[in-house]
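Here, each number is a calculation from the coordinates, and none is a lab measurement. Keep in mind the model is a prediction, meaning the values are calculated, not measured. Because the Cβ atoms are built from the backbone with ideal geometry, glycine has one as well, and the counts that use them run over all protein chains shown.
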Amino acid sequence: MIRFILRGLLRDRSRSTIPLLVVAVGVSLSVFMHAYVTGIMGDMVRQSAHYSEGHVKVLTRPYAEMAHLNPIDLSILNASELEEVLVHQYPEMDWVHRINFSALVDVPDSLGETKEQGPAFVMGLDLLSDKSTEIKRLHLTEALVRGRLPQHAGEVLLSEQFAKKLSVEVGEEFTLIAATVYGNMAYVNFTMSGTIHHGSPAFDRGSMLIDLSDARDFLAMEQGSAQILGFFADGFYNDDTALEMKNSFNTLEHGEAEDEYAPIMLCLADNPTMALYLGLGSQMGMWISLVFLLTMSLVLWNAGLLGGLRRYQEFGIRLAIGEEKSHVYRSLLWESLAVGTIGSAVGTAIGLFFAYLLQHYGLNIEAFSENASQSVMMPGIIRARITPVDFYIGFVPGLVSTLIGAGLAGIGVYRRETARLMNEL
Amino acid sequence: MKLAIYIAFKNLLGAGLRTWINVLVLSFSFVAIIWIKGIMLGWDHQAKSQLIEWEIGHGQYWHTNYDPNDSFTWDDSHASPSDTLLNAIKEGRYAAILVAQGVIYPEGRMVPVCLKGINTTQQVLKIPTSFLSQEENSKSSAIPVMMGAYMANSCQLKEGDQFLVRWRDKDGVFDAREMELVKVFATPVPTVDAGQIWLDCSTLQNMMGLNNEITLLSLPSNESNELLFSNEFQFKSKEFLLSDIEKMVQMKSKGQSVFYLVLLVLAMLAIFDTQVLSVFKRRREIGTYIALGYTRSEVVRLFTIEGGVYALLASALALLYGYPFLLWQYRNGFKMPVDVAEFGIAGSNHIYPLFSLALILGTFLLIAFTTLLVSYLPARKIAALNPAETLKGRLS
Amino acid sequence: MTRLFVSFIGKNLLFIIGFFAITNLINAQITPAEVLERVDANLSANTRVFVSEMTIHGKRFSQTLQSKTYSAGNSKAFTEYLSPAREAGTKLLMLDDKLWIYTPSSDRTIQLSGHMLKQSVMGSDLSYEDLMSDTKLTEEYEVVSMLSEIYQDRKSYLMELVARTESQSYARRKMWIDAEYFVPLKEELYAKSGQLLKQASMSDLKQIQGRWFPTQMVYRDMLKNGKGTEFRILSMEFNQAIPEHLFSKAVLR
C-alpha cells in the first residue's frame, strides 16, 4: 500500500511536487523562524554574558557583594589553581579570567609632560595567548576601527571615542595609573595597538581592553583574577545545566572552611536583570513562534485542501470504476500523510540548514546601513539559535495541517455524486 | 475593470473555506506587521519623550566646560546666568541644575556620586522636585535629598534613611553632612537615576559656595533663547541629546524586519498555491473568456485582480479584528515582562504602540503589491495556453 | 606620608609665632604659645633626613613600604622608595605646591595636579593633597580654646583651632599635646559641618639628638572602614646638610 501511494506520488507530479514544495517551504520557514526568534531573544543576554556575567561565574563572596564597584582587592588570588579544578570538574565549559578596574589614562606630549588625562574603565582579558577564545567571543576583529589587535604584551585597545578624546594615535604610548590590590598607585606605560567600537555609549566613552597578564602585572595580582567566567561550548546559556553546576560547585569545600574569600559560583540567572531577560526571551520566543506556527498551520491546511481539490476529477474516475468512497478517502489521507512527512522532513532539514548558517556566521545587519562599523555590545550581527525543539516543531503544522486540509477536501468525495466529481474536469 | 473585480469577488467567495483561509493568513500578516512596526515606533517615540520629560526638556544649555560623563570637568563647569534668566528660573520656567561631585560611604567604601541641585520650582522636568522644598522638611537637620529607585536600591537606602555625604566646596574645603532621603522616585530614564543624588539647587549652591551658579539648563519649549545666555553656556539641541536612543531603536528595528519578511512569505505561499490551482482548474473558464473575445493579457489581468482581491478582503477582515486589537494595544500598551530601565536604556515597562496613517497605508500597499505579484506569476501561464485546447479543458 | 609627617611635625609649630596675641584661653599656667614653642623646640629643624616605614591596611592585604626622605623647611621634600621591590625606585618630589612622581615602571615623570591630587597616596588614608597641604596653621587657623585633658593616661593640652579663611581643606582641627614632653599625641580634622573626617594619633616617643619625637603615627579616614595607615620612623637625623640637586626635577630620572 505504502509503496503504491509513494509510486503514485512520484509519478503524478501535480500530486506531489507542489504540495511537497509548499509543505517543505512552510516547514522550513517555521523551523528557521523559531531558531531566529530564539536567537535574537537571547541576544541581549548574550551580550551581557560575554561582557561581564559569563554563563556561570566564579568569584569571592565579598567581591560578588560589591561587584559594581570593581573591588579588585577582593579578587580570587589562586585563580590558576581554581581554573584547574574547574576545568577538571566541568571540562565541557570554556573558562576565562577577567579583571575589571577603574584607572586613569595619562597621555604625554613629546616632552613626556601630561598632555591629556581621562578616567577609564579597564577590562583585563586574555587577548594574547594562543588558546584565547575572547577575541572571537567579543567580535573584536569585527569591532576594530583602527589599527590592529594586540599582539605583544603592553599593547591595548581603546574605545574609538575615548582615543579621539585623548588624541592618542595607533602606536602611541601612554601611562595607565590605577590602584593595585595593595591599594598603592601603579604607573605603567601601554601602547595603543588599535581602537574598537563597543556600541554601548558607556563603554564607548572611556574604556580600554588590556591583556590579562598585563592586567595582573599591573595590579600586582600574580595569579589572581577578579572573576572566572564559564561559557557553554555551544555559546548558549542553559539554565538547568548552569544551576546544576552552581549547586555542585558551591556544595564542595574550596579552601579552608573559614575562608571569607572562598570562591562561590553564580549563574547568569542569579543576576535579576538577566533572569528577567531570560524570562522575556523564552516568553516572547514562545508567543512569536506560536503566532507563526498558527499562520503556518493555516497555510498548510489550505495547501492540503487544495491538494485534495486538485484531484476531484481523479476521484470521480476512481469511484466510477468501482472504488469505495472510504477507500478513496483513506488513500487520500495516506498520501497526505506521506506528503506531510516527507515535506516536513525536507523542510526541517532546509530550515535547520539556514538556521545553522545564521547561527554560525550570523547576519550582518549593520552592513546594510550607512555607517558600517560593527561593535562589541551590539555587533549588528543577528544570529539564530538552534534548539532541540527545532527538530520536531515543523512537523506540527507540516503533518497535522496537511492531514486536516486533505481530510476536509476529501469530505467532498462523500458529499458529491460520482458524476459531479467527474465533471469537475 | 469593474466587471473583473465583480467576477473576482464572486469567484473567491464561491470558493468558500480556502478563500477564507488565505484571507485570514493575509490579514494576520497585515495586522502583525502593523503591530510590530507600531511597537517599534511607539518605543522610539516613548523613549524619546521620556527623555524629554525627565532629563533634557526641549533642548539644553550646558556650561562650555561641562561633560556629563567626565566628573573631572564638573569642578569648573558652572556660571551665573543673567538676572533675567535667574528670575525665570525662580519662577520655574526653566529647570536649572548645578552639578557637583560628592562621596558616600556605603559599607565603609568610598563611592563617588553626582550631586545635582535643581530648582524646586521647575515645571520643565518630571523629577518630583516639590519633595525637596525646605518647608516640607524643616523638622530634620539633615539635607533633604531624592534618588531614583535604582540608585536607592544599589545603595540599600529607603525613604527616611540618613547617610553621610562628603564633598568639597569651590575652595576645596572638605565638608560632610547628613542627608535624608525624603523621596525615592521611579523613573524610566536611568540617566537621572544611577549614581545621582538630587537636592535643592540653592542648598547645593550654599554647600558649594557658588551663589546662583548653575551647570546646565533644560528648556520648556523649542523657543530660541540665545539672548538669555552668555557665552559661558552652549546650546545642545534636542536632536543631539536624543541621538543615542535613535541609534538603539534603529538597530532593533532591523532585527524585526525578518518577521515581516517571513510573515509575508507565508501569506504569499498560500496565495501562490491557490492561484496555481485556480489556473489549473479553470482552464475551461479561461478558454471561454478567450472565445468570448478577451485577449490573453486581459485574462491574465482578470486572474491577477482575483488574487489582488485577497488583499482587499484581508484588509477588510484585518479591520474587523485588527482595529479593536490595535486600539486596545494603543490604549493599554504592550507590557514588557522586564524592567528595561535596568538595562541602561530609556524606556518603561509598557510600550504604547503608535500607528500612523503612513504606516497602515504603507503596509497595505506592500501587501497589495506583493499579493498582485504573486497572483500574476501563476496567471502568466494562461498566456501560453492554447484557447482551443483549454476550451476542451486540457492543459497544453 | 613624608610631607605629612614633615608638615605635621614642622608646620604645626609655625603657629607659635602667631599665638602671642591670643587671649581667650583657659586659665592654664602655660599659654598656648608657650606650649607650641616647646613643641617646636622638640620637633623643628632646618633639614631632616629620615627613613620611615608606612603600613597600609586594606580590607584584605597589608603592605609595608620603606622610604627615605630628605626635607628642607616646609616647601621642599624628596622621597625615594626603598622597598618592596615593586615600589623601589619610585620617587616623589615636592616643591612648594607642586608634586611630581617618577616610577621606573613607566620611566615617566608625571606631575600630579587637579583631581589626581585627590587620589590616595599609595593606597593609604591620605590623599596627595593631604600630603601637599602647605598650611601655615598660625596664619590660617585661630586657637579658640585650650583645655587640660588626660589623653591615654598622659596629661595633655587639648587645643581647638578654627580656620581663619574660607579656603582651608579642614574648617576645624583639634590637637592633643603631651604636657610633659611637648609632643603632639593626637589630631582630629573636621569638616565645615563639624563632621570628623580624619584622625592622626602619635605614639612611641623617643629621644633623638636631645629632642623628644613621636616615632609612630596612625592616620585614619574616619568615614571609611579600616585600620588606617601607620607610619614608623626608623631613623632620623636633624639639621644635616642636604645637597641642593635632590630638590630639582633632574633627580627624578
>> For a Förster distance of 30 Å, can you work out the FRET efficiency between the beta-carbons of B:LYS90 and B:VAL111, rounded to the nearest 0.05?
In response: 0.35
> When all alpha-carbon pairs of chain B are counted, what percent fall beyond 30 Å?
Replying inline: 57 percent
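Can you tally the net charge around C:ARG232? Count Lys and Arg as +1, Asp and Glu as -1, for every other residue whose Cβ sits under 13 Å from the Cβ of C:ARG232.
Details: positive: C:LYS206; negative: C:GLU53, C:ASP204, C:GLU230.
Around C:ARG232, the surrounding residues sum to -2.
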> What nm distance separates the two modelled labels at B:TYR323 and C:GLU34, each placed 7 Å from Cα along Cα→Cβ?
Replying inline: 10.3 nm
> Taking segment C:152-253, which GluC sites (Glu not before Pro) meet the DSSP loop condition and have no more than 16 other C-beta atoms within 10 Å?
Replying inline: C:GLU166, C:GLU180
> Using Cα atoms only, what is the angle between the long axis of helix B:238-281 and the major principal axis of chain B, expressed in degrees (0 to 90) to the nearest 10?
Replying inline: 10 degrees
> Taking amide hydrogens as modeled 1.01 Å from N in the peptide plane, which residues meet the under 5 Å criterion relative to C:LEU185, leaving out close sequence neighbours?
Replying inline: C:TRP176, C:ILE177, C:ASP178
> If you average 1/r over every pair of different alpha-carbon atoms in the protein assembly as shown and take one over that average, what Kirkwood value in Å do you get?
Replying inline: 34.6 Å
>> Along the Cα→Cβ direction, 7 angstrom out, place labels at B:ALA186 and A:ALA262. What is the inter-label distance in nm?
In response: 4.0 nm
>> Taking the Cα centroid of segment B:1-36 and of segment A:21-81, what is the distance between the two, rounded to the nearest whole Å?
In response: 44 Å
>> Can you give the log10 of the normalised intensity I(q)/I(0) at q = 0.11, 0.14, 0.18 Å⁻¹, computed with Debye over equal Cα scatterers of segment A:179-258?
In response: -0.55, -0.84, -1.06
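Could you state the orientation-averaged shadow area of the convex hull built on the Cα atoms of segment B:173-319, in nm² to one decimal? Walk me through the intermediate numbers first.
Details: hull surface 75.7 nm².
Spelled out: convex hull of the Cα atoms, projected over all directions, averaged, 18.9 nm².
If the viscosity is 1.002 mPa s and the temperature 20 °C, what Stokes-Einstein diffusion coefficient in µm²/s follows for segment A:313-353 when Rh is the Kirkwood radius over Cα pairs?
Numbers: Rh = 11.7 Å.
Calculated translational D: 183 µm²/s.
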> Using the beta-carbon distance between B:ARG331 and C:VAL251 and R0 = 51 Å, what value does 1/(1 + (r/R0)^6) give for FRET efficiency, to the nearest 0.05?
Replying inline: 0.10
>> A 19 angstrom limit on the alpha carbon distance is what I want to check against. Which of B:LYS37/B:LYS252; B:LYS126/B:LYS238; C:LYS155/C:LYS186; A:LYS57/B:LYS252; B:LYS126/B:LYS170; B:LYS37/B:LYS126 exceed it?
In response: A:LYS57/B:LYS252; B:LYS126/B:LYS170; B:LYS37/B:LYS126
> So, how do all the Cα-to-Cα distances of segment B:1-89 break down into 5 Å bins, in percent, from 0 on up?
Replying inline: 3, 10, 8, 10, 10, 8, 6, 6, 6, 5, 5, 5, 4, 5, 6, 2
> When the chain is fully extended, how far beyond the present Cα-Cα distance does A:GLU81 get from A:PHE391, taking 0.36 nm per residue of separation?
Replying inline: 107.5 nm
> Between C:SER148 and residues 5 or more places away or on another chain, which pairs have amide H atoms under 5 Å apart, with H built 1.01 Å from N, and which residues are they?
Replying inline: C:LEU158
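With r as the distance between the Cβ atoms of A:ILE404 and B:SER243 and R0 = 41 Å, compute the FRET efficiency 1/(1 + (r/R0)^6) and round to 0.05.
Numbers: r = 52 Å, r/R0 = 1.26.
With R0 = 41 Å, the Cβ-Cβ based efficiency is 0.20.
Scaled to the compact-protein estimate 2.2 N^0.38 Å, what is the alpha-carbon radius of gyration of segment A:56-234, rounded to two decimal places? Present the calculation step by step, with values, prior to reporting the outcome.
Values: Rg = 16.1 Å, N = 179, 2.2 N^0.38 = 15.8 Å.
Here the Cα radius of gyration is 1.02 times the empirical estimate.
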>> Against the empirical 2.2 N^0.38 Å scaling, what ratio does the C-alpha Rg of segment B:147-194 come to?
In response: 1.32
> With labels modelled as points extended 7 Å from the Cα through the Cβ direction, what inter-label distance (nm, one decimal) is found for B:ASN69 paired with B:SER221?
Replying inline: 3.4 nm
> What full-extension length gain, to one decimal in nm, is calculated for A:ILE317 and A:SER102 as 0.36 nm per residue of separation minus the Cα-Cα distance?
Replying inline: 69.0 nm
>> 5 Å is the cut-off here: which amide hydrogens, built 1.01 Å from N in the peptide plane, fall below it relative to A:GLY224, excluding neighbours closer than 5 in sequence?
In response: A:ALA79
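How big is the Rg/Rh ratio for segment B:24-151, C-alpha atoms only, Rh by Kirkwood, two decimals?
Working: Rg = 20.6 Å, Rh = 18.2 Å.
Using only Cα positions, Rg/Rh for segment B:24-151 is 1.13.
For segment B:60-236, compute the orientation-averaged projected area of the C-alpha convex hull (one quarter of its surface), in nm².
Details: hull surface 39.0 nm².
Quarter of the Cα hull surface area: 9.8 nm².
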> Where in segment B:42-132 are there GluC sites (Glu not before Pro) that are in a DSSP coil and have at most 16 other Cβ atoms within 10 angstrom of their Cβ?
Replying inline: B:GLU91
